[in-house]
Amino acid sequence: MYVQRVECRLFRCLENVIFEPEPALNIIRGGNAQGKTSLLEAVLFAATSKSHRTNVESELPQYGADQFQLRLRAQRDTGAVDIESRWFRGTKRIKVNGVPQTRLSDLLGRVNVVFFSPEDVDLVRGGAAQRRRFLDMAISQVQPPYLAALQMYRQALRQRNELLRAAQPDHDHIAVWDAQLAQYGAVMTAQRAAFIAALSDHAARAYTQIAGAEPLALEYAPDVRMDESLAAVLERSRTSDIKRRVTQRGPHRDDFAVLVDARPARSHASQGQQKSAALAIKLAELALARERVGEYPVLMLDEVLAELDAQRARRLLDAIDPQVQCLMTTTELEDRHGFRDAGSALFRIERGRLEKD
Amino acid sequence: MLFSAPSVERLVEAFRRLPGIGKRTAERLALHLLSAPEEEAQLLSEAVLEARARVRQCSVCCNLTETDPCPVCADDRRDAATICVVERPAGAMAIEKGGAYRGRYHVLHGALSPIEGIGPSELRIDRLMRRLEEDAVREVILATNATAEGEVTATYLSQKIAALGIAVTRIAHGVPMGGGLEFADDATLAHAIEGRTPVR
Ligand SMILES: [Zn+2]
C-alpha cells in the first residue's frame with residue numbers, strides 16, 4: 001500500500017502543507033527543525049492516532065493554534081482509504097472514508113505504517129516498557145483481535161489495582177477480575193509468542209543484510225510462562241499484591257530479549273550493532289506485516305542516513321524491497337547516495353514549506 | 001468560557017454532567033435555551049421534574065417504570081421462568097426493540113467497577129438473588145455489556161447463580177467487544193439472544 005496524498009493544517013510547524021509522495025522511495029531533505037520529522041509524524045498520527053514524539057496531543061497544533069487537521073489518502077490493493085483526523089481543543093474526531101470512528105480498533109490497520117527514528121535504538125537499549133509498546137502497536141496493526149484483548153486486559157488491570165488499594169479488599173471480587181485477566185492475558189501471551197518467533201526470523205535476515213555476519217535473534221520473555229496458569233499465579237500472589245497495592249504478575253510485565261551473537265544486545269553489543277538491530281527489528285515488522293495482511297505497509301525512516309556510514313546506508317537501501325513505499329528524511333542537502341539517478345522522488349522542506357525538487 | 005453569569009455557568013455545568021455531553025455541546029444547549037422563547041425552557045424543566053416524579057424502579061425487576069410492577073413484570077403472557085439481566089434500562093429497551101425476547105428482565109443499574117466505587121453491594125444483585133430463590137426461574141440470560149466491567153459482572157453472577165442450580169447463559173454473537181448493548185442494532189441483538197451460550 002502507499003500514501004498518495006497527505007494534507008496537514010496547523011500540525012506542528014506545517015501550517016498548510018500538501019505532500020504527494022511517489023509509490024516507491026521518497027527523500028525529504030531539510031535542515032534541523034524545518035518540518036521533516038513533523039511530516040512523517042503527520043502520516044503516523046493519521047494512520048495510528050499516535051505520535052512517536054509525544055503522548056500529549058495538545059503539543060501537536062501549531063504554536064498558538066487550538067486545532068489541527070490531517071487528511072491522508074492511501075491506495076491499497078483493495079482500494080483507496082481516506083482518513084481524516086481533526087483535533088480541536090482536546091477533542092479528536094476521526095473519519096475513515098467519511099465514516100466517523102469512535103474506537104482505535106476501527107482505525108488501526110486501515111493504513112499500515114512502520115516508523116523508524118534514531119530514538120528507536122531504545123528498542124534494544126531501553127527498558128521493557130518500550131519493547132512492550134512496540135509489540136502492542138505492531139501486533140495491533142496486523143491483528144485487530146489482539147488490540148481488543150489488550151484493551152480488555154488493561155482495563156481489568158486498572159480495575160484490579162483499584163480493588164487492591166481498597167481498605168478491605170474483597171477476595172471474591174478480586175477473583176473475578178483475576179479470571180478476566182487470565183482470559184485476555186492468555187490471548188496476549190499466545191499472540192506475542194507467535195509474533196516474536198516470526199519476527200525473529202525476519203529480523204535475523206534483515207540484520208545480516210545491513211550489518212554483516214553476527215546472528216541476531218529475538219526471544220520472548222513472558223513474565224508468566226505459557227505452561228503456567230495465569231489465574232493460579234494471580235491467586236498465589238494476591239496477598240502480596242494487596243500488601244504492595246499493585247498487580248505484580250502478568251503480561252503487563254512481559255519483555256523480549258534482543259540477542260546479538262547469542263548475548264543480550266542491551267549490555268553486550270556496540271552502539272552500531274544496537275542501531276542496526278533496532279533497524280532490523282523494524283524491517284522485520286515490515287516483512288511480517290506483509291505476510292499477515294498481504295501487502296507491504298508504508299515505511300518511514302526518520303534521519304537514519306546520518307546515523308550510518310556510506311556502506312551501511314547502501315546496504316540498508318538494498319535491503320528494502322522496491323515494492324515498499326518509503327518516506328525517508330535526511331539533513332544531507334547534497335545527493336551523495338545518488339537518489340536522483342536511481343529515480344527516487346526528492347522533496348525539500350524549509351520552515352514548514354514543502355517543495356518537490 | 002462564553003459567559004460570566006454564575007446562573008448560566010451552573011446551567012452549563014448541569015448539562016455537562018449528562019452522559020455524552022461535552023463542554024461545547026453543553027454551552028450550545030444552554031445558549032439555545034436562553035435565547036429560545038421562555039415557554040421552551042419551562043416545558044423542558046417541567047418535563048424533567050414530572051418524569052422524575054413519576055418514574056421509579058419496579059419493585060420486581062428494578063427497571064424504570066411509571067407503574068409498579070412494570071408492564072413487563074405485570075404481563076402474564078411473558079415467560080416468568082426466564083430472566084434477562086442487563087446493566088441499564090437502555091439495555092432492556094434495546095432487547096425489547098429486537099422483538100424476539102418473551103421473558104422478563106432484571107436491571108442491575110451498573111456493572112462491577114472498582115474505579116467508580118461500584119462493588120457487588122452497589123448493584124441490584126441481592127434483589128436478583130431473592131427473585132431467583134422465590135420464583136420458579138429456569139434460566140438466567142446474562143446480557144451485560146461486552147466491556148471488561150460487563151464481562152466481570154457476568155462471571156460474578158454466573159458463579160452465584162450456578163450455586164442455585166439454575167441454567168446460566170451469556171449472550172455472545174455479534175455484540176462487539178468493548179461495546180454497550182445500546183450500540184448494537186436490533187437484528188444483531190435478536191441474534192445475540194438466540195445464540196446465547198451456557199456459562200461454564
Ligand atoms: Zn419489572
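The values are calculated or read from the model by the stated rules, or taken from the named source; none is laboratory data. Note that the structure is a prediction, hence the values are computed from the model and not measured. No Cβ is skipped: glycine too gets one built from the backbone with ideal geometry, and neighbour counts run over all protein chains shown. Side chains are part of the model used for accessible areas, which takes the heavy atoms of the whole protein and leaves out ligands, DNA and RNA. Shrake-Rupley method; radii C 1.70, N 1.55, O 1.52, S 1.80 Å.
Using a 1.4 Å probe on the protein heavy atoms, what percent of the accessible area of the range B:49-180 belongs to carbon and sulfur?
Ligands and nucleic acids excluded, carbon and sulfur give 49 percent.
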query: Taking the convex hull of the alpha carbon atoms in the range A:43-144, what volume per residue do you get, in Å³?
result: 118 Å³
task: Give the accessible surface of chain B per residue, rounded to a whole number of Å², with probe radius 1.4 Å and ligands, DNA and RNA excluded.
output: 56 Å²
query: In the range B:135-149, what residues drop by 30 Å² or more in accessible surface going from the chain by itself to the full protein assembly, probe 1.4 Å?
result: B:148, B:149
- line: In square angstrom to the nearest 100, the accessible surface buried at the A/B interface, both sides summed with a 1.4 Å probe, amounts to 1600 Å²
task: Assign one of three labels to the range A:242-304, namely rounded, prolate or oblate, based on the Cα gyration tensor with a ≥ b ≥ c the square roots of its eigenvalues; rounded applies when a/c is under 1.5, prolate when it is not and a/b is larger than b/c, and oblate otherwise.
output: oblate
- line: Here the averaged projected area of the range A:148-252, based on the convex hull of its alpha-carbon atoms and given in nm², is 7.8 nm²
- prompt: Taking N as the number of residues in the range B:42-162, what value does Rg over Cα atoms divided by 2.2 N^0.38 Å take?
  reply: 1.10
statement: Helix B:148-162: inclination vs chain B longest Cα principal axis, degrees, rounded to 10, gives 40 degrees
- request: Could you tell me which GluC sites (Glu not before Pro) in the range B:60-153 are loop residues by DSSP with no more than 15 other beta carbons within 10 angstrom of their beta carbon?
  value: B:66
field: Distribution of pairwise C-alpha distances over the range A:73-225, 10 Å bins, in %
entry: 9, 27, 31, 24, 8, 1
Average partner coverage of A:167-173, which counts Cβ from other chains inside 10 Å: 2
- request: Please get the size of the charge dipole for the protein assembly as shown, origin at its Cα centre, with Cβ charges of +1 on Lys and Arg and -1 on Asp and Glu, quoted in debye to the nearest 20.
  value: 620 debye
message: Please give me, ordered by residue number, the GluC sites (Glu not before Pro) of the range A:193-255 that lie in loop per DSSP and have at most 15 other Cβ atoms within 10 Å.
response: A:228
- line: Kirkwood Rh over alpha-carbon pairs of the protein assembly as shown plugged into Stokes-Einstein at 20 °C, 1.002 mPa s gives a D in µm²/s of 79 µm²/s
- prompt: Between the helical axis of A:310-319 and the dominant principal axis of chain A, each derived from Cα atoms, what acute angle in degrees is found, rounded to the nearest 10?
  reply: 70 degrees
message: To test your reading of the geometry: what angle, between 0 and 90 degrees and rounded to tens, separates the Cα axis of helix A:171-211 from the longest principal axis of chain A?
response: 30 degrees
statement: Mean shadow area (nm²) of the C-alpha convex hull around the range B:2-54 is 4.0 nm²
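Need one value for A:151-163: mean number of C-beta atoms belonging to other chains within 10 Å of its residues' C-beta atoms.
Taking all residues of A:151-163 together, the mean is 4.
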task: Count the lysine pairs in the protein assembly as shown whose Cα atoms lie under 18 Å apart, taking only pairs 8 or more positions apart in sequence or on different chains.
output: 6
Average accessible surface area per residue within chain A, 1.4 Å rolling probe, Å²: 45 Å²
